[in-house]
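Have a look at the structure below before the remarks.
All of the numbers you see were taken from the coordinates with simple rules; none came from a lab. Not measured: the values here are computed from a predicted model. All Cβ positions, glycine included, derive from the backbone under ideal geometry; neighbour counts span all protein chains shown.
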Amino acid sequence: TPAIRPLVAGNWKMHGMGQSLAELRAIATGLSSDLAQRLDAVICVPATLLSRATDALVSEAVSLGGQDCHVKESGAHTGDISAAMLKEAGASHVIVGHSERRTDHHETDALVRAKTEAAWNAGLVAIVCVGETAAERQEGRTLDVIGRQLRGSLPDNVRSDTTVIAYEPVWAIGTGQTPTAEDVEKVHAFMRGELIARYGSEGARLRLLYGGSVKPANAVELLGISNVDGALVGGASLKAADFLAICEAY
Ligand code: PEP
């Protein structure tokens, strides 16, 4: 298996007014050159902060991302934001298919797939999220659900430099609960197998992030699991000290 450079991604969700730019700056200054040599870091801020975040960044160790994009480049879609707009505002990444989007906005696998292509077309790296609900897990359907979401949410021409996969069990997001290391390992090994079957060597190189209540206290264990190539971090990405402590797991 090829060595994969880890990615630690933060998702600020609908948090972060102007004063949060200080946290962003603290993350950028706190990422020692040593750490920045070992991993990539990206913070997905609310779109309203992107331009100011670009100006505020003191180092190139941190990249910026959006949290969603529309499938079209422009048009009559009130309230939506295109991938090209995110790119222009300073983003290099965009999260697509986060479970909160799938739930709150009824996003389907087919829509997530179209958004992934829209991200690529704008020159953004798509961070594509999948994950089972508590009920699906209890019914023993976790791998079925993840397999279906991967097949439906990913286009055919996935490349490892334009796409990142995030496994985020819905019941672990923002709850403080996490799967056991054995469970994470099982899902990530399954995803790796599916991705290699579909994409060959690119599938072997894709970065597979774990997300769901990653904290400084559990980062070493979760990030040490095989086929876990980084983390998608919600709550703990809002505080520079916590985000940096998670990065220190590498
Ligand atoms: C997320 O929003 O993607 C997430 C994983 O949140 P948290 O880390 O707060 O569980």
Inset, instruction - Just check the range 115-250 against the gyration tensor rule for me: Cα atoms, a ≥ b ≥ c as the square roots of the eigenvalues, rounded for a/c under 1.5, and otherwise prolate or oblate depending on whether a/b exceeds b/c. - result: oblate
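Classify the chain from the C-alpha gyration tensor, please: rounded if a/c falls under 1.5, else prolate or oblate depending on whether a/b exceeds b/c.
Values: a/c = 1.44, a/b = 1.12, b/c = 1.29.
It comes out rounded by the Cα gyration axes.
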Legend entry - Environment charge at S99 (Cβ cut-off 15 Å; Lys +1, Arg +1, Asp -1, Glu -1): -2
Legend entry - Residue among Y210, Y167, Y199 with the largest mean-square fluctuation in a Gaussian network model of the chain, springs linking Cα atoms under 10 Å: Y199
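Kindly rank 41-49, 81-89 from highest to lowest mean number of other beta carbons found within 10 Å of each residue.
On the way: 41-49: 22.2, 81-89: 20.3.
Taking the mean over residues of other Cβ atoms within 10 Å, the ranking is 41-49, 81-89.
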Legend entry - Value at 222 nm in deg cm²/dmol, rounded to 500, when DSSP H runs of n ≥ 4 in the chain each add -39,500 (n - 2.57): -11500 deg cm²/dmol
Inset, instruction - Express the relative contact order of the range 7-247 as a whole percentage, based on alpha carbon pairs under 8 Å and six or more residues apart in sequence. - result: 20
Legend entry - Top positive-direction residue, dipole computed over the chain with Cβ charges, set G230, V187, L124: L124
Legend entry - Set of aspartates and glutamates near K115 by C-alpha distance (under 12 Å), chain-local residues within fewer than 8 positions excluded: D68, E73, E107
Inset, instruction - Considering only A197, A91, A119, give the residue with the highest GNM mean-square fluctuation for the chain, with springs between Cα atoms whenever their separation is below 10 Å. - result: A197
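Please compare each pair in K87/K186; K186/K215; K13/K72 to a cut-off of 25 Å on the Cα-Cα distance and tell me which ones are over it. Intermediate results must be reported in sequence, preceding the final value.
Values: K87/K186 35 Å; K186/K215 21 Å; K13/K72 22 Å.
Correct reply: K87/K186.
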Inset, instruction - May I ask which residue of H98, Y167, A76 lies farthest towards the positive end of the charge dipole of the chain, with charges of +1 (Lys, Arg) and -1 (Asp, Glu) on Cβ and the Cα centre as origin? - result: A76
Inset, instruction - Using a 10 angstrom cutoff on alpha carbons, build the Gaussian network for the chain and name the most mobile of G66, G176, G90. - result: G176
